[in-house]
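So the structure is just underneath, and the comments pick up after that.
The values are calculated or read from the model by the stated rules, or taken from the named source; none is laboratory data. Keep in mind it's a predicted model, so treat the numbers as computed, not measured. Glycine also receives a Cβ, built like all others from the backbone with ideal geometry; neighbour counts cover every protein chain displayed. All accessible areas refer to the heavy atoms of the entire protein, side chains included, with ligands and DNA or RNA removed. Shrake-Rupley method; radii C 1.70, N 1.55, O 1.52, S 1.80 Å.
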Amino acid sequence: MMETPLPCLLLLAAVCLPSGLGLYTVNAVYGDTIVMPCSQGIPTDLMFGKWKYEPENSSPVFIAFRSETKKRVQYDDIAEYKGRLSLSENYTLSIKNARISDERRFVCMLVTEDNVYEEPTVVKVFKQPSQPEIIHPANFLETEKLKMLGECIARDSYPDGNITWYKNGNILQPVEGAVVMSLQKVVDQSTGLFTTTSSLQFMPTKKDANAQFACSVTYYGPSGQEKIPSEPVVFDVHYPTEKVTIKVLSQRNTLKEGDNITLKCSGNGNPPPQEFLFYTPGESKGIRSSDTYIMTDVRRNATGEYKCSLIDRSMEDSTAIIVHYLDLSLTPSGEVIKQIGEALPVSCNISSSRNATVFWIKDNTRMQTSPSFSSLQYQDAGNYICETTLQEVEGLKKRKTLTLIVEGKPKIRMTKKTGSNKSKTIVCHVEGFPKPAVQWTTTGSGSIINQAKETNYVNGKFSSKIVISPEENVTLTCIAENQLERTVTSMNVSAISIPENDEPNDGNREKVNDQAKLIVGIVVGLLLAALVAGIIYWIYVKKSKTPSKHVNKDLGNIEENKKLEENNHKPEV
């Protein structure tokens, strides 16, 4: 036989393949144009050429004729090929809009004066099926139940195809009672195309939840076997609840009094249970609710074990809840007024669900120790805060305040200091609370001196100072008065400008005390010396008068002596 002619190799719509001696096969795509070259060489004495096809169990049917001498083409009146044929000058026959019925044996006949040449060609038509799809999918699958999952359908193919099922990309094999498949193929009589359908019955397990099911169609095309997959489908798998779980929905890890508690109960079945029974601590009767149970503004007595169960009480779960609390009592608290020197016991007692941290703050400054007052001083006054926190519990903090007021009657101590320029500085040191008002006056005139300067009032103490240069001796009076008492103290100020300093400071306080003791000793010594001199003088006078009495007794008579004696007794008396 001759080699495959060049026109056969250049075909785009069909494939020309040798099939045995003198037999060629043309693979055509459904709907395209079938091109069948006459592979015989054109004889030089060719008269005409014809094409015919050979039906099964019937005589050949001529469909096209071409005269080499008259250069004309003639097509036979065959209904199925009317308007579809085209015969070229090299006797290549083209059939438009390939059909399944075109799949038959065609013969090219070349006739000369001496011989007839025939070249048979077999036409194969292929039609790719549509993409398979899963139709009539089940709404859901149930464990322990064999149920129709769906049907995989591939339409309009030729030749017919085969369908394969997949689960998660793996081929499904039939399993009795669990995986059941059935295949059906239907031919459209008008087109000759096949529609292939495969149904799948499937009994899932819990593990098949969210599994992807798909199918594919395998068919033969011009270039061999090919496969087209479907889109995957996920089926909802229903299975019973096997476990119940209760948990606390909270943004914090710990709960405290005043918080809201939301309990959520869930079952691991599909679909999950919609109602549950909730049990609070100490209660045997359950509260029917949806999957959530809310408690608002809980107290410490809400601490305990909480449970939830299915409505039929077939299974349950529990969780422990601790509601943390923190109590603080301060004794005394609020505003407290005490007198200086008094004692004030203070106690800050804590009651809490866990160990609490306690600290004191005075006037916005944290204290190192707890306050204790055995003898109140002015500097003890202030705002005291006892604060406690539970560090493990966010937001749990308590505090109470003690506002301590220390009152005292005014106390005055006056000092003076003489300067080198004849000026004298008089200072009135004042203690007391509420803060005493200070006035200065001079003895005699009682006039008020307004030139005084005061220091800052700190811890119940301050001082008022005046500077004078007196021309004569004066007495200055310092008057301190508050709501409790009026206190007055005076000081003599001489006009002599001798430098002096009556203000006892830490350096000369001892010296001033020693000088005072010396002066007191001198005064007492002088007094004692005067007393002793007076006693001696009296004894002396008494002794000098007694001898004169005896002389008179001797010289006078008895009566004169009596009178004299009486006279002597009068001055003694």
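By how many nm would the segment from ASN450 to ASN349 lengthen if fully extended, with 0.36 nm per residue of separation less the alpha-carbon distance?
That works out to 31.2 nm of additional length.
For q = 0.08, 0.19, 0.20, 0.21 Å⁻¹, what log10 I(q)/I(0) does the range 316-470 give under the Debye formula with an equal point scatterer on each alpha carbon and no solvent?
Result of the Debye calculation: -0.43, -1.12, -1.18, -1.25.
In degrees, nearest 10, range 0 to 90: what is the angle between the Cα axis of helix 558-572 and the longest Cα principal axis of the chain?
Once rounded, one gets 20 degrees.
Rounded, prolate or oblate, given the Cα gyration tensor of the range 243-285, with a/c below 1.5 counting as rounded?
Since a/c reaches 1.5 but b/c is at least a/b, the shape of the range 243-285 is classed as oblate.
Using only alpha-carbon positions, what ratio does the radius of gyration of the chain give when scaled by 2.2 N^0.38 Å?
2.71
Angle check, please: helix 509-555 long axis (alpha carbons) against the longest principal axis of the chain (alpha carbons), in degrees 0 to 90, nearest 10.
Taking the Cα atoms of the chain, the angle to 509-555 is about 20 degrees.
Binned at 10 Å from 0, what are the whole-percent values of the Cα-Cα distance distribution for the range 200-265, short to long?
Taking every Cα pair in the range 200-265, the percentages come to 14, 23, 18, 18, 12, 8, 5, 2.
Run the numbers for ASN168 and TYR537: contour at 0.36 nm per residue of separation, minus the present Cα-Cα distance, in nm.
Difference between extended and current length: 118.5 nm.
Rounded to the nearest 5, what % of DSSP beta bridges with both residues in the chain are antiparallel?
90
My understanding is that a pair violates if its Cα-Cα distance is over 24 Å; which of LYS416/LYS461; LYS167/LYS206; LYS362/LYS465; LYS338/LYS417 do that in this structure?
LYS362/LYS465; LYS338/LYS417
Can you tell me the relative contact order of the chain? Whole percent, Cα pairs under 8 Å, sequence separation 6 or more.
After rounding, I find 7 percent.
Show me the ranking of peptides 405-411, 339-345, 284-290, 389-395 by mean Cβ neighbours inside 10 Å, starting with the highest.
Highest to lowest by the protection proxy: 405-411, 389-395, 339-345, 284-290.
Can you tell me what the convex hull of the Cα atoms of the range 235-345 projects to on average, as an area in nm²?
So the Cα hull casts an average projection of 10.7 nm².
How far, in nm, would the chain grow between SER375 and ASN301 when pulled straight, counting 0.36 nm per residue and subtracting the alpha carbon separation?
Length difference between fully extended and current span is 22.3 nm.
Show me the ranking of peptides 413-420, 462-469 by mean Cβ neighbours inside 10 Å, starting with the highest.
462-469, 413-420
When only the heavy atoms of the protein chains count and the probe is 1.4 Å, how do SER39, SER86 rank by accessible area, highest first? Could the numbers behind the result be given before it?
Values: SER39 10, SER86 60 Å².
Ranking SER39, SER86 by accessible area, largest first, yields SER86, SER39.
Which three semi-axes in whole Å describe the equivalent ellipsoid of the range 347-413, each the square root of 5 times a Cα gyration tensor eigenvalue, listed largest first?
Gyration-tensor ellipsoid for the range 347-413: 32, 10, 9 Å.
Once label points are set 7 Å from the Cα along Cα→Cβ at both ASN57 and ALA530, what is their separation, rounded to one decimal in nm?
17.7
Mind checking which aspartates and glutamates have their C-alpha under 19 Å from LYS542, skipping anything on the same chain fewer than 8 residues away?
GLU565, GLU566, GLU572
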